[in-house]
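The values are calculated or read from the model by the stated rules, or taken from the named source; none is laboratory data. Predicted, not measured: the structure shown is a model, and the values here were computed from it. When we count neighbours, we look across all protein chains shown, and the Cβ atoms used for this are built from the backbone with ideal geometry, even at glycine.
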2 protein chains.
Amino acid sequence: MAGRPRSFDRDTALAAAVEQFWRSGFEGTSIAMLTGAMGVTPPSLYAAFGDKETLFAEASAEYFRRTCEGVDRATALPTAREAVARMLEDTARAHTAASTPPGCLMLTEPRLAAQRADVQERLRRRLDRGVRDGDLPAGTPTDRLATFLVAVMRGMSGCARDGGTTEDLLAIAETAMTALPAPQR
Amino acid sequence: MAGRPRSFDRDTALAAAVEQFWRSGFEGTSIAMLTGAMGVTPPSLYAAFGDKETLFAEASAEYFRRTCEGVDRATALPTAREAVARMLEDTARAHTAASTPPGCLMLTEPRLAAQRADVQERLRRRLDRGVRDGDLPAGTPTDRLATFLVAVMRGMSGCARDGGTTEDLLAIAETAMTALPAPQR
DNA sequence: CTCTTTCTGTAGCGATCACTATGGATTGCG
DNA sequence: CGCAATCCATAGTGATCGCTACAGAAAGAG
């Protein structure tokens, strides 16, 4: 029943694919780049991950999973203001980390609009909770605010890809924070 | 001395190339797509515009020229606040115009970082003038503010590419305006 | 008209794209 | 061991990439 075991670690190879797609996007990444980065020959890649689209779906899902961990940690903070501030700071640092490609795969890749909408929705729900908790004034347009914040994070990603530093992105984050309505008193 | 005249209008063909690059970016646009959109065969394209990089340089320069017209109109407004508001509104409408592809070529294309830096610099200079005119408080971090505003516009472009409406982008613009320091009194 | 110059269309160049057929290598099971 | 199952490496599929050689068509100069 059991055949020859595969000679590479699937999770390690997937992580390499994530980084490659992160760096070059879906269209900019060729199978040859993937096999090189993953240390796997084309037939092994196709046997283990399916075609390029399927591999990208799995890689972007893994990326999204990691992203959501950070988002959940941020949204767990006591106030909406702290949650948003943490989220923007995390974004600034993650997009400019030396150990990973600049920018954000999820915010850059055209075909990941659904993931972006998901994050935006999580953000909006946290803002809604902030309104209920009194962190934000009643009547705060949480939907518009969430749309704005996702746009800002997308801009941060682009800035990082253009060579922007952590400080540049943190400055954007701080400036964006001034758009949050002051807490009700 | 004079040979056979070319059978197409160079400016019209260039405009078609601009739109094609605008829609699909540099890497996403093939010569076949360009020749199709421009109504020109490959040898004519190469004779009139050079290779793909050269054509893109000319097309993006043309796009940039049009963009700067709008930027200049906005920066000519009497106050920095009006200038920024106009610029963001123009951006919201331009990125969602029905007659052109969604989003912005200059803000989306990775290789146009120099043009982005140029616009950011123009914006910063207008903000500096605002400080001198008293439109903005003394000590306003105009450089950080300009970086922020370019990031927001880039986010608006991405939002438009994801299907965002003019209203969505105008909401982002309005929210971003609240990050501008109140005028000195 | 001929000659030169320039443009146009066909057709195809080598390279790379995503992807796979084939055959040998490596495992567990009996 | 033999057998079935699974994976690996070579090599190559047709399609498309950016780009161009070639030959015919259309203009002015003489």
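Key figures
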read-out: Pairs with Cβ under 6 Å, 6+ apart, first in region A:153-181 and assigned to a loop (DSSP other than H, G, I, E, B), second crowded, with 24+ Cβ neighbours inside 10 Å and not polar (S, T, N, Q); value: A:P181/A:L136
read-out: Sole residue being touching a residue at least 12 places away in the same chain (Cβ under 8 Å), assigned to a helix (DSSP H, G or I) and of a type outside the set (D, E), chosen from A:L136, A:L123; value: A:L123
read-out: Looking only at region B:20-49, and only at residues there that are loosely packed, with under 13 Cβ neighbours inside 10 Å and closer than 29 Å to A:F26 by Cβ, the one that is farthest from DNA strand D (Cβ to nearest atom); value: B:G36
read-out: Complete set of residues in region B:20-54 that are assigned to a loop (DSSP other than H, G, I, E, B) and near DNA strand C (Cβ under 9 Å from one of its atoms); value: B:G39, B:V40, B:T41
read-out: Tally, over region B:126-156, of residues that are facing chain A (nearest Cβ under 7 Å) and of a type in the set (K, R); value: 2
read-out: Residue among B:A57, B:A61, B:A17, B:A13 that is within 12 Å of DNA strand C (Cβ to nearest atom), at pLDDT 95 or above and either surrounded by 13 or more Cβ atoms within 10 Å (Cβ to Cβ) or under 26 Å from A:G28 (Cα atoms) (or both); value: B:A13
read-out: Criterion violated by A:A117 - all others in (1) surrounded by fewer than 21 Cβ atoms within 10 Å (Cβ to Cβ); (2) without any contact (Cβ under 8 Å) to a residue 60 or more places away in the chain; (3) in a loop (DSSP other than H, G, I, E, B) satisfied; value: (3)
